[in-house]
Amino acid sequence: MGESPEAPSIARMYDFYLGGTQHRAVDREAAREALALRPELVDLSKANRAFLGRVVRFLTGAGIRQFIDIGAGLPTQDNVHQVAQRIAPGTRVVYIDKDPAAVERGQALLEGSDTARVIEGDLLDPPALLSDPRLRELIDLDRPVAVLVLAILHFIPDDNRIRDALRHLVDAVAPGSHLAISCGISEGLGDDARSLTSLYQGAFSTGRSIADVHGFFAGVELVDPGVVTLPLWHPDGRVQDFRPEEMRIVGGVGRKPVVDREFPVPSSEA
């Protein structure tokens, strides 16, 4: 999906759900079909966008000054660099997407920035992603970095490939780095999940549960409150009203443990 101008784009459909303007007729048609199946997709998209803002503010407040946003999609209001740089000017951000149209649009908007850029890359090919010189010019992997993987994992049916990719990313970043994930859960959706899979041309996971999402955080220690329905993660003020049976998107943040560099003092010889 989204590999040709004639095909619907997941990124542009997401922009449509958020009330943006970066979408075409083919995207609107596909999005309306999806909304006919699950009208709450608009609320889920907005909940995910709000989650992104809270995560970036939390991590910037914790001292993170580097972000890698994988599956960033099309630029919309309050992007990662905008949120982070309000708190810490100079924070560096690399946006990554596999959709060439989203990458081209993002590059045009960020042209001239020396702290944020957009590159083409695929979550499922982390060696190529992390070795890209355009990423390495901004991101120092020897220092803590936040890796954001938000609202894209439910478009990847293969859990094993997801786990392998995420583990590679966690192994590659410095201790003290963070991994943020949000993912739709489809356990119990039945025919609707299968219809969405067809609509998204096979790019949709069926039967994934909150326990499955929890398993994606291997190698990191979950920050309280763990993996929860998105409005419940560090809400700003009063928790957003939502129906649990419809807010089928969960997420959390994990921190890569810092290795204790202290060595035991050798005992004296007898």
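Values quoted throughout were computed directly from the atomic coordinates according to the rules given, and no laboratory measurement underlies them. Remember, it's a predicted structure, so these values are computed and weren't measured experimentally. No Cβ is skipped: glycine too gets one built from the backbone with ideal geometry, and neighbour counts run over all protein chains shown.
How much length is gained if the chain between Arg136 and Leu37 is pulled fully straight, taking 0.36 nm per residue apart and subtracting their Cα-Cα distance, in nm to one decimal?
Length difference between fully extended and current span is 31.5 nm.
Which residues among region 217-244 fall inside the zone where the amide N is under 19 Å from a point 7 Å beyond the Cα of Arg167, along Cα→Cβ?
Residues 217-222 qualify, since their backbone N sits under 19 Å from the label point.
Could you pull out every residue, at least 5 positions away or on a different chain, whose amide H is within less than 5 Å of the one on Ala146? Hs are placed 1.01 Å off N in the peptide plane, and Pro or chain starts have none.
Sorted by chain and number, the residues that satisfy this are Gln66, Phe67, Ile68, His178.
Write out the GluC sites (Glu not before Pro) in region 67-146 meeting two conditions: DSSP loop, and at most 10 other Cβ atoms within 10 Å of their Cβ.
Glu111
HN-Hα J couplings of region 171-178 from phi, Karplus 6.51/-1.76/1.60, θ = phi - 60°, integer Hz, Gly and Pro as x?
Result, rounded to whole Hz: 5, 7, 8, 6, x, x, 6, 10.
Round to the nearest 0.05 the FRET efficiency obtained for Glu104 and Arg238 when R0 = 30 Å and r is the Cβ-Cβ distance.
0.15
What whole-number distance in Å separates the alpha-carbon centres of region 87-164 and region 217-242?
23
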